[in-house]
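Structure, as structure tokens:
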Amino acid sequence: MTEPAYTRALPASELEPNSKKPVEINGKSILLCHTNGTIHAVSNICSHADEKLECGLMRRGWISCPVHGARFDLATGKAMNPPAKQPIAVYPVRVVDDWIEVEA
Ligand code: FES
């Protein structure tokens, strides 16, 4: 079994608690979210109409799309309410040597 390929995404000090930041990894737009004591890496693209989630409201464990208001669970990517029905991608994330690393 090969080791997962994690990519350095952002210094951990640049993602304050209760903040989020978009990064691009391997051509994918990914949103790093620091909420509820946990760092999540999710797709920055809403599953409803391909709009960016980075300006959405983030609360304990979820983010809402700024366009039509669908909410997504940051741990699972699951759509929590309409109009989105499909989940967004979630990516494994870890902190190594004060860097946030994402497998994407
Ligand atoms: S584009 Fe996100 S809910 Fe419609």
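The values are calculated or read from the model by the stated rules, or taken from the named source; none is laboratory data. What you see is a predicted model, and the numbers here were worked out from it, not measured in a lab. Positions of Cβ are backbone-derived with ideal geometry, glycine not excepted, and every protein chain shown enters the neighbour counts. Ligands, DNA and RNA are stripped out before the accessible areas are found, and what is left, the full protein with its side chains, is counted by its heavy atoms. Shrake-Rupley method; radii C 1.70, N 1.55, O 1.52, S 1.80 Å.
For this structure, a couple of remarks:
- Taking the criterion of being within 16 Å of the ligand (Cβ to nearest atom), open to solvent by less than 50 Å² (accessible area, probe 1.4 Å) and either in a loop (DSSP other than H, G, I, E, B) or not aromatic (Phe, Trp, Tyr) (or both), the residues of the range 55-82 that qualify are Gly56, Met58, Ile63, Ser64, Cys65, Gly69, Ala70, Asp73, Leu74, Gly77, Ala79, Asn81.
- If only residues of the range 83-100 that are within 16 Å of the ligand (Cβ to nearest atom) and without any contact (Cβ under 8 Å) to a residue 40 or more places away in the chain are counted, the one that is most open to solvent (accessible area, probe 1.4 Å) is Lys85.
- Among the conditions (1) polar (S, T, N, Q); (2) closer than 20 Å to Arg8 by Cα; (3) over 11 Å from the mean Cα position of the chain (by Cα), Asn36 misses just one, which is (2).
- Count - residues of the range 22-31 that are open to solvent by 70 Å² or more (accessible area, probe 1.4 Å) and not in a loop (DSSP other than H, G, I, E, B): 2
- The range 4-21, subset assigned to a strand (DSSP E or B) and hydrophobic (A, V, I, L, M, F, W, C), residue surrounded by the fewest Cβ atoms within 10 Å (Cβ to Cβ): Leu10
- Scanning the range 39-54 for residues that are open to solvent by 60 Å² or more (accessible area, probe 1.4 Å) and of a type outside the set (Asp, Glu), we see that the one that is farthest from the ligand (Cβ to nearest atom) is Lys52.
- On the stretch given as the range 32-54, residues that are part of a loop (DSSP other than H, G, I, E, B) and at pLDDT 95 or above total 8.
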